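Taking it in order: structure first as structure tokens, then the write-up.
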Amino acid sequence: MTAKDYADGAKPGAGAVGDVLCRLADIPDRDSRAFTVALNGKAREIFAVRLADEVFAYVNVCPHRQMPLNWKPDVFLAYDKSRILCTMHAATFDIRQGHCVGGPCPGQSLESVPVVIEDGVVRLGACADWAMKP
């Protein structure tokens with residue numbers, strides 16, 4: 001995908017508020033996709049999950065052991081696609097809120113990343129740079 005695929009010419013994954021992550025159509029419904037963004041000069045991996053016309057994004061770190069959630073690229077959901085799954089510890093998280101709903105991290109949550117959808121394009125939302133602590 002190139003920058004010309006986006007209406008405003010922005011490159012996906014740069015990391016500043018308003019930067020393009022992807023088109024909404026690039027994430028199938030009830031599926032996920034990873035992105036690398038820069039925050040204060042440091043690369044951070046985040047992922048987004050699409051539910052119909054909504055997208056929920058989180059930093060790709062399990063709160064249980066501070067490890068990435070996925071072991072395969074872009075795969076962050078349980079087999080039935082009803083929850084986010086940490087493949088290392090089998091912890092499960094609510095897609096909409098990021099709260100642990102099963103496994104070894106009760107009371108903990110994924111680190112949310114604000115996103116907005118404008119004209120079919122998913123962008124980092126207000127305070128995204130603050131939300132993703134370096």
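The values are calculated or read from the model by the stated rules, or taken from the named source; none is laboratory data. What you are looking at is a predicted structure, and each value in this text was computed from that prediction instead of being measured. In this analysis, Cβ positions are derived from the backbone assuming ideal geometry, glycine residues included, and neighbour counts consider all displayed protein chains.
Within region 19-44, being farther than 19 Å from GLY120 by Cβ, modelled with pLDDT of 95 or more and not aliphatic (A, V, I, L, M) holds for no residue. No other residue among CYS86, CYS105, CYS62 is more than 24 Å from PRO28 (Cβ to Cβ) and surrounded by 17 or more Cβ atoms within 10 Å (Cβ to Cβ) apart from CYS105. The residues of region 40-59 include none that are surrounded by fewer than 20 Cβ atoms within 10 Å (Cβ to Cβ), basic (Lys, Arg) and touching a helix residue (DSSP H, G or I) at 6+ places or on another chain (Cβ under 8 Å). Write out, first by first residue and then by second, each pair whose Cβ atoms fall under 7 Å of each other, whose residues are 6+ apart or on separate chains, and whose first residue, in region 49-72, is among the basic types (Lys, Arg) while the second is at pLDDT below 95. These pairs meet every condition: ARG65/MET88; ARG65/HIS89.
Would you confirm, using the coordinates I've provided, whether LYS4 is charged (D, E, K, R), assigned to a helix (DSSP H, G or I) and either at pLDDT below 95 or out of contact with any Phe, Trp or Tyr (no Cβ under 9 Å at 6 or more places or on another chain) (or both)? Yes; evaluated as a whole, the condition is true for this residue. As for region 32-51, it holds at least one residue that is touching an Asp or Glu at 6+ places or on another chain (Cβ under 7 Å), hydroxyl-bearing (Ser, Thr, Tyr) and in a strand (DSSP E or B). The set of residues in region 53-108 that are in a loop (DSSP other than H, G, I, E, B) and small (Gly, Ala, Ser) comprises ALA78, SER82, ALA90, ALA91, GLY98, GLY103, GLY107.
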